[in-house]
Amino acid sequence: MIVNFILRLVGYALLLGLSAYAFQTLWTNDGLDAVGRLHSFHDKTILALRVAPLVLAVIGFGPLRALAIFLGFFLAAAALTAPFVVLRVAGV
């Protein structure tokens, strides 16, 4: 039981940690870090990507396992596409 939890935690941490790194790289390369209005969005996104692995590992057992896996990949995809969407919407 505890081994499964640790494996889930490490898996989600790797998935979302790499996504957070890519998010920060894309965010900086697109020049979005220079826009003051977007700092709050950036900080909340990084915080969510740092906390989510623990939450997903806790709920990711039994019948909720498929949901936790889906949410993990959903968050990773959202983090990877967010800089492009913000760039388009903000018009930077």
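Please treat every number below as a calculation from the coordinates, not as lab data. Just so we're clear, the structure is a prediction, and the values are computed from it rather than from any experiment. Note: ideal-geometry Cβ built from the backbone for every residue, glycine included; neighbour counts use all protein chains shown.
With unit charges on the beta carbons (Lys and Arg positive, Asp and Glu negative) and the dipole taken about the Cα centre of region 23-92, which residue among Leu32, Val85, Leu64 sits farthest to the positive side?
In region 23-92, that residue is Leu64.
Leu7 to Asp43: FRET efficiency via 1/(1 + (r/R0)^6), r the Cβ-Cβ distance, R0 22 Å, to the nearest 0.05?
Rounded to the nearest 0.05, the efficiency is 0.15.
Based on the Kirkwood radius over alpha-carbon pairs, what is the Stokes-Einstein translational diffusion coefficient of the chain at 37 °C with 0.692 mPa s viscosity, in µm²/s? Working shown, then result.
Numbers: Rh = 13.9 Å.
So the translational diffusion coefficient is about 237 µm²/s.
Of the listed peptides 13-21, 33-41, 64-72, what is their order by residue-averaged count of other C-beta atoms within 10 Å, with the highest listed first?
Working: 13-21: 16.9, 33-41: 11.8, 64-72: 14.9.
Ranked by mean Cβ neighbours within 10 Å, highest first: 13-21, 64-72, 33-41.
If you take the beta carbon distance between Ile69 and Ala34 as r and set R0 to 41 Å, what does 1/(1 + (r/R0)^6) give as a FRET efficiency, to the nearest 0.05?
According to the calculation, E is roughly 0.70.
Contact order normalised by length for the chain, with contacts defined as Cα pairs under 8 Å and 6 or more residues apart; what percent is it?
About 44 percent, as a whole number.
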